Amino acid sequence: MKLGFIGLGQMGAGMAANLLKAGHQLSVYNRSPGKADALLAQGARLAATPAEASTGEAVVSMLADDEAVEAVVLGEHGVLAGLGKGALHVSCSTISVALSERLAAAHGQAGQHFVAAPVFGRPDAAAAGKLFVIAGGDEGAVAQARPILEALGQRVFVLGAAPKAANLVKLSGNFLIASVIEALGEAIALVEKGGVDVREYLEMLTSTLFSAPVYKTYGGLIAAGKFEPAGFAAPLGAKDIRLTLAAAEALRVPMPVASLLRDRFLTLLANGGERLDWSAIGGLAAKDAGG
């Protein structure tokens, strides 16, 4: 397929490379053009604007937040202006439910297709094509997007005909990951202060009832205090919890743990944690305990 890719950050660069490896023709756009150099060496073409990256059959975007997505899609020389009728926008960004609704409506009015396809996985999984993709969109649009999605991830889950369903599921998943990080941090602080070897503790946990990758990955980071370089920066984690709470308020669903997590991220950011991985909230419990 003739594709565009917008957003070459830690996740997007690896995702775009996998589309090239799958044989797709690729035009790429990033606000800082230098980030495209490795992809250009692999055969990608550099686009001067998001609109120019959107002249093919489909365009994929992987951007940090609602503000960036709005600017790239709805702004001057944006995706909406460049995408042809019947062409497809696949948004892999973790964005608000409200913005997903706006994008679906805008693309529909322009005669274009829109699929929300946020992903689970850190940058190493993105580079390896091992992401888990959560897709939402009408049946025809998802079918059109499937060759793209299958090049990006190891499995694609379709969770509704409305794109916003995928965005809601992604936010719920990030809420669960953050909850695990906080709980792990508290448990590790407890046993460490009680004199237990933390690495032996984690080996016991992850070899028995808590063998899921999220416990292994984040438990190891918390135990080692290894929060730099950030695979997923703390401000983005804070943003996702904020968006989760906004969705919960709209649906009148109380989420007291999410409210606690919002405050934990605020504590981290207020103490200079902007450059840290979001798993750094798991280190707050040890500091609270005098560690």
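Within segment 148-186, the set of residues being at negative phi, among the small types (G, A, S) and touching a residue at least 12 places away in the same chain (Cβ under 8 Å) comprises A151, G153, A161, A162, A165, A166, S172, G173, A178, S179, G185. Taken together, the criteria exclude G220 from residues that are surrounded by 14 or more Cβ atoms within 10 Å (Cβ to Cβ), small (G, A, S) and touching a strand residue (DSSP E or B) at 6+ places or on another chain (Cβ under 6 Å). For segment 58-96, taking the residues that are over 17 Å from the mean Cα position of the chain (by Cα) and of a type in the set (D, E, K, R), the one that is farthest from G237 (Cα to Cα) is identified as K85. Taking first residues from segment 110-135 that are under 14 Å from S93 (Cα atoms) and partners that are of a type in the set (S, T, N, Q) and part of a strand (DSSP E or B), the Cβ contacts under 8 Å between residues at least 6 apart in sequence or on separate chains come to F114/S91; V115/S91; A116/S91; A117/S91; P118/S91; L131/Q154; F132/Q154. On inspection, L80 qualifies as at pLDDT 95 or above, aliphatic (A, V, I, L, M) and outside any loop (DSSP other than H, G, I, E, B). Determine whether segment 248-270 contains at least one residue that is in the same structural domain as I181 (by TED's automatic domain parsing), hydroxyl-bearing (S, T, Y) and within 20 Å of the chain's Cα centre (by Cα). No, there is no match, as no residue in segment 248-270 is in the same structural domain as I181 (by TED's automatic domain parsing), hydroxyl-bearing (S, T, Y) and within 20 Å of the chain's Cα centre (by Cα). What are the pairs, 6+ residues apart or on separate chains, where a residue within segment 209-228 that is in contact (Cβ under 8 Å) with a residue 24 or more places away in the chain has its Cβ under 7 Å from a residue that is among the polar types (S, T, N, Q)? Correct list of pairs: Y215/T206; Y218/S279; G219/T206; L221/S279; I222/S279; F227/S279.
Could you run through segment 17-28 and say how many residues are free of Cβ contacts under 8 Å to residues at least 40 places away in the same chain and among the aliphatic types (A, V, I, L, M)?
Narrowing segment 17-28 to residues free of Cβ contacts under 8 Å to residues at least 40 places away in the same chain: 20, 23, 25-28.
Subset that is among the aliphatic types (A, V, I, L, M): 20, 26, 28.
The qualifying residues number 3.
The values are calculated or read from the model by the stated rules, or taken from the named source; none is laboratory data. Remember, it's a predicted structure, so these values are computed and weren't measured experimentally. Please note: Cβ atoms are built from the backbone with ideal geometry, for glycine as well, and neighbour counts cover all protein chains shown.
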